[in-house]
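Quick notes on the structure that follows.
The values are calculated or read from the model by the stated rules, or taken from the named source; none is laboratory data. Note that the structure is a prediction, hence the values are computed from the model and not measured. Backbone-built Cβ (ideal geometry, glycine too); neighbour counts: all protein chains shown.
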C-alpha cells in the first residue's frame, strides 16, 4: 500500500507555528493587562492610604499645610489612577487584537486540516479502488488458469 503524502503539509505546519505564535502573543498581552491592572490597584491602595491619613490629620490638631499636602496627594493619585485606566484600556485593546488574530489563525489551520482530511479520504478511495482492481485481476487470472488446466 502506498504512503499518504499531503502536498500542502508544509502550509499546515506553518499554520501550526502561526497558531503557537498567536497563542504566545495573546498570553503576553494578557500578562501586560494583568500588570497594568495591578499597578492601578496599587494606586487605588495608595489613594486610600492618603484618605486614611487625611482622616487622622482632621482628628488631631489641625495643620493647614499637612491637610493641603494630603489633599494634593489625593488629587495627584486621582490623576495617576485616571492615566492608569487609559493604560488598561490600551492593554485591553491589545488583548482583543491578539485574541482576534488567534481566532483567525485557528480558522485557517482548521481549514487546512479539513483539506488534508479530504485529501486523505480521496487517497483511501483511490487505494481501495486500486486494491479492488488488483483483486479482480488476480481472480480473473486464477479463474483463467483453472479453465486452461481443465
Any chance residue 80 is in a helix (DSSP H, G or I) and touching a residue at least 40 places away in the same chain (Cβ under 8 Å) | no
Quick one: what pairs do we get from the range 8-21, first residue surrounded by 13 or more Cβ atoms within 10 Å (Cβ to Cβ), second modelled with pLDDT under 95 and in a loop (DSSP other than H, G, I, E, B), C-beta under 8 Å, 6+ apart or different chains?
-> 12/6
With respect to the numbered conditions (1) surrounded by fewer than 13 Cβ atoms within 10 Å (Cβ to Cβ); (2) part of a helix (DSSP H, G or I); (3) modelled with pLDDT under 95, which one is the sole condition not fulfilled by residue 5?
-> (2)
Any chance the range 129-146 includes a residue that's assigned to a helix (DSSP H, G or I) and in contact with a helix residue (DSSP H, G or I) (Cβ under 7 Å, 6 or more places away or on another chain)?
-> no
Just checking, which of 88, 81 is surrounded by 14 or more Cβ atoms within 10 Å (Cβ to Cβ), out of contact with any strand residue (DSSP E or B) (no Cβ under 7 Å at 6 or more places or on another chain) and farther than 28 Å from residue 20 by Cβ?
-> 81
Among the residues of the range 43-75, the number that are within 30 Å of residue 96 (Cβ to Cβ) and in contact with a helix residue (DSSP H, G or I) (Cβ under 9 Å, 6 or more places away or on another chain) is 4
When (1) more than 21 Å from residue 107 (Cα to Cα); (2) loosely packed, with under 15 Cβ neighbours inside 10 Å; (3) more than 26 Å from the chain's Cα centre (by Cα) are applied to residue 34, the one that fails is (3)
